[in-house]
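Working notes, beginning with the structure itself.
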Amino acid sequence: WQNEPSMIAVYPLGHYSVWDNNELRYSLRSLHNIPEVTDVILVGQQPDWANTQHIYTYDGNNRVENIWRKMEMISEYMEGSNNAFLFMADDIFITRPTSLPMFYDGDIQRKIDNAEGVQSSGRYRDMLIATKMLLEYHSLPTINFALHYPLIVYPDILKKSLEFKGEYSWRTIYCNLSYHYHRQEIQERTDCKLWKPEHYDNHDIFSISDRFLTKQGRELLQTLFPDKCRYENY
């Protein structure tokens, strides 16, 4: 399996950033390592400096509802298209050219059993359990795809995933549907989320938390991605 010949990168973007959306700036710069990407769409907010396409939608207090709403907006925008797109996030960075299978980390039940820290909160765990039960009810795989990696998304499977809208993990539902219908390539891999800059070890792909953005973390991103890209007005 190879990346698509050309793709749009789609970023859902909320209204909150601890670094004035500079995370997005460096994520956009990292897209040069995925040369198949030919354009970018921000869904939600758009910083003044961003030179991208934009689909506005509001954010409420429920993060799960927010992502489902944004995926609906993306699906409407992609209506009639058969072209896959790259689903990104402002906290994901790509440091070198790489292929992008769907990365997974075991079964959802293992995620439920091993949830730690913020992920052990009742609401998050309840969402995982509900997602697993929904997939089982529809005789779909129950693989855990709730990881912080870029994702190749196909409009037809995206549209089908929206039939399951609710207090569920959109990404996990989409990927299990895609694996079930498309047999899209999957690869087992631990999550790439880094909590501190000292955890960076020449990763090909990594994601960051707000705690990463110390002075050292910001300087690391500036060092890795120093060059302004075409998606920046200034």
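For residue 151, nonlocal amide neighbours, meaning residues 5 or more places apart or on other chains whose placed amide H falls under 5 Å from its own, are 87. Rounded to the nearest 500, the 222 nm mean residue ellipticity of the chain from helices alone is -10000 deg cm²/dmol, with -39,500 (n - 2.57) taken per DSSP H run of at least 4 residues. Between helix 215-224 and the chain there is an angle of about 80 degrees, using the helix long axis and the longest principal axis of the Cα atoms. Each Lys and Arg contributes +1 and each Asp and Glu -1, all at the Cβ; summed about the Cα centre of the chain, the dipole is approximately 180 debye.
Remark: relative contact order (region 1-78) = 31 percent; criterion is Cα-Cα distance under 8 angstrom and separation of 6 or more residues.
A DSSP coil position with no more than 13 other Cβ atoms inside 10 Å describes the following chymotrypsin sites (Phe, Trp or Tyr not before Pro) in region 5-74: 16, 58.
Within the same chain, lysines fewer than 8 places from residue 160 are excluded, and of the rest, those with a Cα less than 18 Å from its Cα are 70, 132.
Seen against the Cα atoms of the chain and their longest principal axis, helix 63-77 is set at about 80 degrees.
The trypsin sites (Lys or Arg not before Pro) found in region 163-234 that occupy coil by DSSP, while having at most 15 further C-beta atoms within 10 Å, are 165, 183, 189, 228, 230.
Cα to Cα, under 14 Å, and not fewer than 8 places away if on the same chain: which aspartates and glutamates meet these conditions relative to residue 228? List returned: 23. In order along region 27-39, the Karplus-derived 3J(HN,Hα) couplings, from 6.51 cos²θ - 1.76 cosθ + 1.60 at θ = phi - 60°, round to 5, 4, 4, 6, 5, 4, 7, 10, x, 5, 6, 10, 6 Hz, and Gly and Pro are given as x.
How tilted is helix 122-137 with respect to the longest principal axis of the chain? Cα atoms for both, answer in degrees (0 to 90, nearest 10). That works out to roughly 50 degrees. Of 172, 214, 223, 95, the order by accessible heavy-atom surface (1.4 Å probe, DNA, RNA and ligands excluded), from most exposed downward, is 223, 214, 95, 172.
Amide H contacts of residue 52: none lie under 5 Å away among residues 5 or more positions distant or on a separate chain (H built 1.01 Å from N in the peptide plane; Pro and chain starts excluded).
For region 89-234, the fraction of 1.4 Å probe accessible surface lying on carbon and sulfur atoms is 48 percent.
Per residue, how large is the accessible surface of region 88-195? Use a 1.4 angstrom probe and give square angstrom.
On the way: 4920 Å² over 108 residues.
I get 46 Å² per residue for this part.
The values are calculated or read from the model by the stated rules, or taken from the named source; none is laboratory data. As the structure is a prediction and not an experimental result, all values here were calculated from the model. A quick note on method: Cβ atoms are made from the backbone with ideal geometry, for glycine too, and the neighbour counts reach across all protein chains shown. Each accessible area value is taken on the protein alone, full model and side chains, heavy atoms only, with ligands, DNA and RNA left out. Shrake-Rupley method; radii C 1.70, N 1.55, O 1.52, S 1.80 Å.
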